[in-house]
1. Express in nm, to one decimal, how much length is gained between SER156 and HIS37 on full extension, taking 0.36 nm for each residue of separation and deducting their alpha carbon distance.
2. If each residue's Cβ is checked for other Cβ atoms within 10 Å, how do HIS176, HIS110 rank with the fewest at the top?
3. Scan around VAL279 for amide H atoms under 5 Å from its own, H built in the peptide plane at 1.01 Å from N, and keep only partners 5 or more places away or cross-chain.
4. If one takes the longest principal axis of the Cα atoms in the chain, at what angle in degrees, from 0 to 90 and to the nearest 10, does the Cα axis of helix 128-141 lie?
5. Write down the percent of antiparallel bridges among all DSSP beta bridges whose residues are both part of the chain, to the nearest 5.
6. Report the convex hull volume per residue for the stretch 339-391, counting only C-alpha atoms, in Å³.
7. Can you put MET260, MET219, MET345 in order, fewest other beta carbons within 10 Å first?
8. Can you tell me which lysines have their Cα less than 22 Å from the Cα of LYS94? Leave out same-chain residues fewer than eight positions away.
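Please treat every number below as a calculation from the coordinates, not as lab data. Here the structure is a predicted model, which is why all the values come from computation and not from measurement. Cβ: placed from backbone, ideal geometry, glycine included. Neighbour counts: every protein chain shown.
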Amino acid sequence: MVITGAARYADNPPVVVPVPMASITLHDVTKVYPGGHRAVRGVSLDIADGELVALVGPSGCGKSTTLRMIAGLEDVTSGVISIGGRVVNQVEPKDRDIAMVFQNYALYPHMTAYQNMAFSLRLRGVPRAEIDRRVRQAARMLDLVPLLGRRPREMSGGQRQRVAVGRAIVREPQCHLFDEPLSNLDARLRVTTRGELKALHQRLKTTTVYVTHDQEEAMTLGDRVVVMAQGIIQQAGPPLEVYRRPANRFVASFIGMPPMNFMDGTLGRDADSESGREVFVASEGGWTLSLPPVSGDSRRGTAGAPVVLGLRPQAFSIARDGGIPAGAEVWEVRVLVVEPLGESMDVTCERPGGERLVARIPAQEGEGVTPNSLARLAVDARQAHLFEPGEFGRSLSDGL
Ligand SMILES: Nc1ncnc2c1ncn2[C@@H]1O[C@H](COP(=O)(O)OP(=O)(O)O)[C@@H](O)[C@H]1O
Ligand SMILES: [Mg+2]
């Protein structure tokens, strides 16, 4: 009997490795603009199907360039970008099955919200009934049903922004790409729209890359936060991991509000403790802070090595007589500025050596904390971070 190719194939089907439909992979992606500016340097990132990744970093760090390369609006200088397992370096933007929402979401001024959302589907020749179904579904999700007949000038900024998001949703793309879509909204609206976008993603589960310079937006929205600076990914991880275990000083200072306090010093050993526990020795004034033990045999460095101590404002509280938390040390400080925030207050203070720091303390601890008074700050040394010197100094801590 002659076995045909087809029969052999049926007996022995090739192993099919299912590729998630809408994963996005960047492999060693670099962008050099004409003129020689290296905006993105060797970025590698795997974004899972259905994941929302928040790409965050200061202005000019390469976020938009990265997003625009995924969209196909910028050429990739070197490296590979894949969407849904398909290399898209040479694929036209319109063939990438993505929808992008920009900060300046230009809606067509002469069209209603309905027409704005329907426009791209019309261009594609989607049947009228299907367009209607998708537009009405998006309008329900975005609370736009009563506004479908309005033109952009008859809507508020937040409503217009929701129409811009609706325009992206109706395309039912494999991926959503957002470039600072909330930057034009006022603070309150930004927070509510952010919540709506998060709820929307939980429903649609469309793979999303969300670019923002706002660390709070990134932390609250992202399944994963990717911190970028100078064209390089500094750290990628779940929001709380990035907050608790910043990989370097840059991430530590960028994530978290108010920013972490940093103090220069050297690493020393506590001669009194039998384990030779590590201590931080401040350059200014020579005061010390016992450091939390690191796991296993790992050491932070050699004694005498220059290091930077990092303490979040949340690591402080007001020490009251007899009420010092276990493991805390007390610092005498002069209060310079008090900023009440309702539940808590931010207190800018100065140590005798002249170092300034910001402490965020619960409002109920703040009685008597007034400018020019002296205060006793309890420092939770377990929350101390340690870094190598320099803006991008590596973390020497295990974190919490
Ligand atoms: N078309 C361009 N030509 C040359 N340089 C550019 C261009 N677009 C952006 N850049 C530069 O690339 C760097 C990264 O820009 P961008 O990706 O827009 O940063 P971000 O979105 O993080 O603010 C910046 O230094 C910017 O000036
Ligand atoms: Mg940008």
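1. Working: separation 119, 0.36 × 119 = 42.84 nm, distance 3.84 nm.
This chain segment gains 39.0 nm when fully extended.
2. Working: HIS176 25, HIS110 10.
The order, fewest Cβ neighbours first, is HIS110, HIS176.
3. GLY268, ARG269, ASP270, LEU291
4. Once rounded, the angle reads 20 degrees.
5. On the way: 60 of 78 bridges.
Here the share of antiparallel DSSP bridges comes out near 75 percent.
6. 125 Å³
7. Details: MET260 25, MET219 20, MET345 17.
Final ranking by Cβ density, sparse to dense: MET345, MET219, MET260.
8. Result set, ordered by chain and number: LYS31, LYS63, LYS205.
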